[in-house]
2 protein chains.
Amino acid sequence: MPPYDPSTFPPFAVTVDLVVLTVRRHALCALVVRRGETPFQGRWALPGGFVRADEDLGAAAARELVEETGLCAQDPAAPAVGNGAHLEQLATYGDPARDPRMRVVSVAHLALAPDLPAPRAGGDANSARWAPVEDLLPEGGYAPDGEHRAPLAFDHAKILADGVERARSKIEYSSLATAFCPPAFTVGELRRVYEAVWGVVLDPRNFHRKVTGTPGFLVPTGGTTTRQGGRPAQLFRSGTATVLNPPMLRPEV
Amino acid sequence: MPPYDPSTFPPFAVTVDLVVLTVRRHALCALVVRRGETPFQGRWALPGGFVRADEDLGAAAARELVEETGLCAQDPAAPAVGNGAHLEQLATYGDPARDPRMRVVSVAHLALAPDLPAPRAGGDANSARWAPVEDLLPEGGYAPDGEHRAPLAFDHAKILADGVERARSKIEYSSLATAFCPPAFTVGELRRVYEAVWGVVLDPRNFHRKVTGTPGFLVPTGGTTTRQGGRPAQLFRSGTATVLNPPMLRPEV
DNA sequence: ATAATAGTGTCTGTTAGACACTATGCT
DNA sequence: AGCATAGTGTCTAACAGACACTATTAT
């Protein structure tokens, strides 16, 4: 190991990239923005940007999240406010060749948000949209005929895949699925989140018994709603129990 | 969002820090090295170093692991060779104040190794040792009397705590605990790994039934050993099943 | 013999999964 | 009425946890 010499470190650029997931129309969707410059001009990419000189990594991710979506990163300690979103660090990507212009290390973050009206397409950001992750990440890679290449720039397909996998596994044993729901939601709405994220169909009755039988997981608000049709359903908010034990079992695929 | 201008990015130093864990004498231990320079001169720290200009993050972590321990990072695809260790990315730490000299972003990695003879104390590295994580991370923080401060430099106590928590939770649902074992091991040895990592006592009979009843988890080598005393025990090696479903349940603490 | 560990068998309480059935709204 | 969704009850197979018991070595 060479002696520690702060004056001779190789310089890196450090960025944050965001995997922002939501559930729209029964599908897991990710926020993507169209690139206006080379490389990958015109291609879709994950939102992100440089970390500022005196900014923590999480603060940079929260700032980008506000700039791109208007969402506030939700402090886990604070009670649920209007448009708060779950934000956590995902992983760091630093292949020397991942950006052709220079050495960039990107600290990817994962954000989970309830269904939003529409991405902020205007302003200085390029056009943005919610895209089903199924369209961005075709199963088993891409056909070798070159017709459908990965639509995402840089290594963002890998980052997105890692983020989706993190979300899929984390809702098994935590109350994180409620981050996809509005502040008050029904058991059926929460079940449809699981179904969309996992791509499965769950038994409504067993699901109901499981989530309502876990102490501290769901707290009834007292209200009801018929926004899903059918019999009025109780409204709940996320409880204090942040870990789900025993976990929700993901059915075999 | 400012326009993308590669020529004006703030410069960062990027390092890798290693949380190297092993099980020694029924205790979960971490590798620490004594710092020879300021800041934190004389204090213990996690091993680590700068990422080189054309080096991937995982490669830098593997290089540091070899330099500090002689362990080879185990490619998950390759069959188990002599002294391979599990290596995975843990998390990235980039608080602007975490290093008083300059802006350093550290990509921490987690390595799990079988019990080794001794750390390589000689060479250009400072003195190194295996320390029980219990000594490095006293429960519930440190007494406010200032007598026992965190013995680790920088934010390494936080990094170590995150690594230990990752290891503790990951052995629940994966075959990762075998990374703490030699290539061939007994069921009892594997159980003692769980007991050391979790700090609990497990029922030997239920544990045996659980791990031998999970298809693909353990593969008998045919040999036996009496190195633990008592009746000769079958030797196993890690099987192809990398995920444990249903998971091993960590008893309440 | 005694002690140590390895390994198998049995019982019980809990739970996941399957599914019948009732409740309550809307069109 | 018919249909949608909400919510409860029941049955069964699987499994975790507790623990009795046997097997095989070393001292």
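Quick look at the values:
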read-out: Failed criterion for residue B:183 (all others in (1) touching a strand residue (DSSP E or B) at 6+ places or on another chain (Cβ under 9 Å); (2) modelled with pLDDT of 95 or more; (3) of a type outside the set (A, V, I, L, M) hold); value: (2)
read-out: Which numbered condition residue B:241 fails, given (1) touching a helix residue (DSSP H, G or I) at 6+ places or on another chain (Cβ under 9 Å); (2) surrounded by 15 or more Cβ atoms within 10 Å (Cβ to Cβ); (3) closer than 26 Å to residue A:246 by Cα; (4) not charged (D, E, K, R); value: (1)
read-out: Test for residue A:174: is it within 20 Å of residue B:247 (Cα to Cα) and more than 11 Å from DNA strand D (Cβ to nearest atom); value: yes
read-out: Of all residues in region A:230-253 being over 15 Å from residue A:213 (Cα atoms) and away from DNA strand D (no atom under 15 Å from the Cβ), the one that is modelled with the lowest pLDDT; value: A:253
read-out: Strands (runs of 3 or more DSSP E) fully within region B:66-155 counting 1 or more residues that are closer than 30 Å to residue B:10 by Cβ, under 19 Å from the mean Cα position of the chain (by Cα) and modelled with pLDDT of 65 or more; value: B:84-93, B:104-112
read-out: In region B:202-214, residue farthest from DNA strand D (Cβ to nearest atom) [restricted to those that are part of a loop (DSSP other than H, G, I, E, B) and without any contact (Cβ under 8 Å) to a residue 12 or more places away in the chain]; value: B:213
read-out: Residues (near DNA strand C (Cβ under 9 Å from one of its atoms) and either surrounded by 15 or more Cβ atoms within 10 Å (Cβ to Cβ) or farther than 15 Å from residue A:182 by Cβ (or both)) located in region A:209-225; value: A:209, A:210, A:213, A:214
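Yes/no matrix, rows are residues, columns are (1) within 11 Å of DNA strand D (Cβ to nearest atom); (2) within 30 Å of residue A:39 (Cβ to Cβ); (3) assigned to a helix (DSSP H, G or I):
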position	(1), (2), (3)
A:160	no, yes, yes
A:165	no, yes, yes
A:182	no, no, no
A:189	yes, no, yes
A:196	no, no, yes
A:216	no, no, no
A:228	yes, no, no
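The values are calculated or read from the model by the stated rules, or taken from the named source; none is laboratory data. Remember, predicted model here, so these are calculated numbers, not experimental data. Note that we place each Cβ from the backbone using ideal geometry, even for glycine, and neighbour counts take in every protein chain shown.
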